[in-house]
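Following: one structure in structure tokens, then a few remarks.
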Number of protein chains: 2
Amino acid sequence: MMTPEFDFIEKLHVPAETKILLLVLDGLGGLPQKFGGQTELEAADTPNLDALAAEGICGLHEPIGTGITPGSGPAHLALFGYDPRRFQVGRGVLSALGIGFDLHDGDVAARGNFCTVDDAGRVTDRRAGRIETGKSRELCARLRKIKIPGVELFIEPVKEHRFVLVLRGLELSPRLGDTDPQQTGTEPHQPEVRALEAEHTAQLVRQFVNQARQKLAQLHPANMVLLRGFSSRPAWPDFRKVFGLRAAALAGYPMYRGVARLLGMNVLDCEEPLESKIAALKAHWEEFDFFYVHFKATDSAGEDGDAQKKQRLLTEVDRHLPSLRDLDPEVLIVTGDHSTPAVMKSHSWHPVPAILWAKTCRPDGVKAFGEEACLAGGLGPRFPAIDLIPLALAHAGRLRKFGA
Amino acid sequence: MMTPEFDFIEKLHVPAETKILLLVLDGLGGLPQKFGGQTELEAADTPNLDALAAEGICGLHEPIGTGITPGSGPAHLALFGYDPRRFQVGRGVLSALGIGFDLHDGDVAARGNFCTVDDAGRVTDRRAGRIETGKSRELCARLRKIKIPGVELFIEPVKEHRFVLVLRGLELSPRLGDTDPQQTGTEPHQPEVRALEAEHTAQLVRQFVNQARQKLAQLHPANMVLLRGFSSRPAWPDFRKVFGLRAAALAGYPMYRGVARLLGMNVLDCEEPLESKIAALKAHWEEFDFFYVHFKATDSAGEDGDAQKKQRLLTEVDRHLPSLRDLDPEVLIVTGDHSTPAVMKSHSWHPVPAILWAKTCRPDGVKAFGEEACLAGGLGPRFPAIDLIPLALAHAGRLRKFGA
């Protein structure tokens, strides 16, 4: 309940030969389809996960805080032991990570929207009628022709009207206000300079925006750009140093690979299917102490409102559990980054079921892996997700005693 | 879950005639000997503790934080309501407390090792081959002949190669670095001066180390000393003032007596057996509001890996419970300072079972005192140990309402 600060835990970890495996089933937590029914996880056929729950310690975690619906980025930070309220990353960096852009230290990234402005330059639609992704890709190609001396520009399409702008060069600063006015009827803002050292970057951004306006002028509805969330890759404590773990990430989607890379994890090559990740795990088992394995499809099924599919996917995941146990990790954690109940078709704030398995677990009477069953578990019904890594370290024999 | 700060609680406590009794069974928490089995406490025959659990409120506490294995000193601070991450005491002071040395304000204490150095003065063994305690005692007697003008020196043997050095005099400061290089192959460090006012103390320490080197020169393998953890008795808030309790400690071992004395408790004379402590309790019952009773043997049995003995000791403790209840305290807490599972033969991070009994307890359905049973208790499965004292004050009618 009281997770120690990094400097505290950094003094306590000791070298060991033990392995920790964290399997994240994205959007794992669910809700019954109707009152009295079962959640997707409860309805799934999961004999292997149930056995793991019976041998291990269970509970439900809150990734960010009570009542807070997590985005995938912050939720993963929490699972990795980083308090997501303290470690916040700008929108620009998050967007860049989401498309797998290789952000360098010192780069300044911004989230961009194509938008519509009228003849007087006032914004009339902040999303340019949600143009299609293909259209956005064309427009980005056009913007790439913009050249500004002394800075390298990257313009990458995201989904629909969204894109990412990255500035790379000397002495850039992200301390700039948004150009997005967040409302229609007014002109885009000039980027507000929030620190003296950002003046140069502001000038570059103004030049980019002016040239973008010219290049897009005839392309109504996408005849202008809005930028927000100027940010740089944060200088956060390195996961390997804080927890004393050589860490590897096995994730197919760019966003998850990006977050892992941000913390200093080694992102291994693998495809999205779990088989590919298990093969990569086996191939690299001796090289690392900590393995993060991500499984995306459960979240997508939840977002689609397809409870049957989410249930079926969880049944499939269960079939792979023996392969993971065969690797013989000292600690095996199975949980989600957040809940995505199919009935809600979205992420939610509901606590997320978790199993921590190790030989040193004290049994807690939980015999099945499901939301209601986990309530009675030893980890508690609403524990902070950031507790998981310190606990894994303890069970892996990687923390020495505090005080005499 | 959020224990108020001292200045908050200090404003709320009110005088009362009520008594709080805290029984600490050292190393209480355990693990099953094998999967599906019972812990030491669960296997013990404890009808009186079970009845107390049924009448009171139960749970399991984490002394320091999730996954953190507590030393006895910090674990006791937590039970007394002092967050052990905030109230940290130096190694020297802890060692002095551990042997029952009567540290005065302004004394500077250091933990010492007898070590081996080669002809060039380089450390070859930081522990002098772990010489026997008897030998260490002889060497300490020899070091006591060292006289340095302006300071009184105390040199006390601990176990094996360990000793405690205490300097007593005017204007001493503990702001010194270790002389222990923490590795072999290098000479001992000169004590680094970390604050201007520590220069004088550094000179005294240098003189002591030089004279010690001369006195030990012919006594290979113990031919030199290493010092670390220079520290002084901390000026912490007084338990009596913070919580408004006249506090008495009944503990046989020096370490526990020392910690209690550090907080301003009155340490009463008693022997280690529980009978002796109960007799002392009766004799002093009217003089105090808060009684801390320590029982060491359960931890020792756990450290020895003797689950049977730990179980037997808990059965014995149970037989004494009626004598404690006969004293008619308004609040009776039975818990441990940390877990010492016999299968691990060491302290561990596992949460510690706890009962808080008072007439104002709201029943929580727990009918037996054991690790699994306590999970369902009203205190929660992983509550911070520092919550216990505020809760005891409340049940003892010693806290007024906050706000109107």
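Worth a mention:
- Checked against (1) over 18 Å from residue A:32 (Cα atoms); (2) not in a helix (DSSP H, G or I), residue A:318 meets all criteria but (2).
- Sub-6 Å Cβ pairs linking a first residue in the stretch B:190-210 that is of a type in the set (Ser, Thr, Tyr) to a second residue that is assigned to a loop (DSSP other than H, G, I, E, B), at least 6 apart or interchain, are B:201/B:172; B:201/B:173, ordered by first then second residue.
- The requirement of being in contact with a strand residue (DSSP E or B) (Cβ under 6 Å, 6 or more places away or on another chain), surrounded by fewer than 24 Cβ atoms within 10 Å (Cβ to Cβ) and among the charged types (D, E, K, R) is not satisfied by residue A:337.
- Residue count for the stretch B:369-395, restricted to those that are away from chain A (no Cβ under 14 Å) and either in contact with a Phe, Trp or Tyr (Cβ under 9 Å, 6 or more places away or on another chain) or on the phi > 0 side of the Ramachandran plot (or both): 5
- Of the residues making up the stretch B:295-312, those that are free of Cβ contacts under 8 Å to residues at least 60 places away in the same chain and under 28 Å from residue B:361 (Cα atoms) number 0.
- Verdict on residue A:384 being within 23 Å of residue A:82 (Cβ to Cβ), in contact with an Asp or Glu (Cβ under 9 Å, 6 or more places away or on another chain) and crowded, with 24+ Cβ neighbours inside 10 Å: no
Yes or no, residue by residue, for (1) among the acidic types (Asp, Glu); (2) out of contact with any Ser or Thr (no Cβ under 8 Å at 6 or more places or on another chain); (3) assigned to a helix (DSSP H, G or I):
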position	(1), (2), (3)
B:170	no, yes, no
B:178	yes, yes, no
B:205	no, no, yes
B:211	no, yes, yes
B:228	no, no, no
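- Tallying residues that are of a type outside the set (D, E, K, R) and in a loop (DSSP other than H, G, I, E, B) within the stretch A:279-315 yields 3.
- When the stretch B:340-367 is filtered for residues that are over 20 Å from residue B:296 (Cβ atoms) and more than 11 Å from chain A (Cβ to nearest Cβ), the ones remaining, listed by number, are B:356, B:357, B:358, B:359, B:360, B:361, B:362, B:363, B:364, B:365, B:366, B:367.
- Each residue in the stretch A:101-118 was checked for being within 20 Å of the chain's Cα centre (by Cα) and assigned to a strand (DSSP E or B), and 5 of them qualify.
- Flag for residue B:136 being among the polar types (S, T, N, Q), within 17 Å of the chain's Cα centre (by Cα), surrounded by 15 or more Cβ atoms within 10 Å (Cβ to Cβ) and not in a loop (DSSP other than H, G, I, E, B): no
- So residue B:23, is it modelled with pLDDT of 95 or more, more than 10 Å from chain A (Cβ to nearest Cβ), within 24 Å of residue B:256 (Cβ to Cβ) and assigned to a helix (DSSP H, G or I): no
- Of all residues in the stretch B:34-46 being out of contact with any Asp or Glu (no Cβ under 7 Å at 6 or more places or on another chain) and in a helix (DSSP H, G or I), the one that is nearest to the other protein chains (Cβ to nearest Cβ): B:40
- Among (1) surrounded by fewer than 23 Cβ atoms within 10 Å (Cβ to Cβ); (2) modelled with pLDDT of 95 or more; (3) aliphatic (A, V, I, L, M); (4) more than 27 Å from residue A:403 (Cβ to Cβ), the one test that residue B:404 misses: (2)
- Just one of (1) over 21 Å from residue A:294 (Cα atoms); (2) in contact with a Phe, Trp or Tyr (Cβ under 8 Å, 6 or more places away or on another chain) fails for residue A:137. It is (2).
- Filter result for residue A:160 (at pLDDT below 95 and over 29 Å from residue A:291 (Cα atoms)): yes
- Considering the stretch B:205-217, the residues that are more than 30 Å from the chain's Cα centre (by Cα) and either under 19 Å from residue B:151 (Cβ atoms) or modelled with pLDDT under 95 (or both) include one that is surrounded by the fewest Cβ atoms within 10 Å (Cβ to Cβ), namely B:214.
- Candidates A:283, A:202, A:279, A:247 - the one that is buried (at least 17 other Cβ atoms within 10 Å of the Cβ), over 30 Å from residue A:113 (Cα atoms) and either modelled with pLDDT of 95 or more or touching a Cys at 6+ places or on another chain (Cβ under 7 Å) (or both): A:247
- Residue count, the stretch B:29-84 (criterion: within 24 Å of residue A:385 (Cα to Cα) and of a type in the set (Ser, Thr, Tyr)): 2
- Number of residues in the stretch B:331-362 that are closer than 19 Å to residue B:68 by Cβ and part of a loop (DSSP other than H, G, I, E, B) equals 12.
- Qualifying residue in the stretch B:326-339 (condition: more than 23 Å from the chain's Cα centre (by Cα), without any contact (Cβ under 8 Å) to a residue 60 or more places away in the chain and either away from chain A (no Cβ under 11 Å) or within 22 Å of residue B:47 (Cβ to Cβ) (or both)): yes
- Residue check for residue A:62: in the same structural domain as residue A:253 (by TED's automatic domain parsing) and modelled with pLDDT under 95: no
- Residue tally, condition more than 20 Å from residue A:290 (Cα to Cα), assigned to a helix (DSSP H, G or I) and within 14 Å of another protein chain (Cβ to nearest Cβ), over the stretch A:55-94: 1
- Per-region count, the stretch B:191-234, residues closer than 19 Å to residue B:175 by Cα and aliphatic (A, V, I, L, M): 10
- Within the stretch B:42-90, considering residues that are touching a Ser or Thr at 6+ places or on another chain (Cβ under 8 Å) and of a type in the set (Gly, Ala, Ser), the one nearest to residue B:307 (Cα to Cα): B:44
- Apart from one condition, residue B:130 fits all of (1) modelled with pLDDT under 95; (2) away from chain A (no Cβ under 14 Å); (3) at negative phi; the exception is (3).
- Apart from one condition, residue A:267 fits all of (1) under 21 Å from the mean Cα position of the chain (by Cα); (2) buried (at least 23 other Cβ atoms within 10 Å of the Cβ); the exception is (2).
- Pairing residues of the stretch B:249-264 that are touching a residue at least 12 places away in the same chain (Cβ under 8 Å) and within 12 Å of residue B:100 (Cα to Cα) with residues that are among the β-branched types (Val, Ile, Thr) and part of a strand (DSSP E or B), at Cβ distances under 6 Å and at least 6 apart in sequence or on separate chains, gives B:257/B:267; B:260/B:267; B:261/B:267.
The values are calculated or read from the model by the stated rules, or taken from the named source; none is laboratory data. Nothing here was measured: the structure is a model prediction, and the numbers come from that model. Note: ideal-geometry Cβ built from the backbone for every residue, glycine included; neighbour counts use all protein chains shown.
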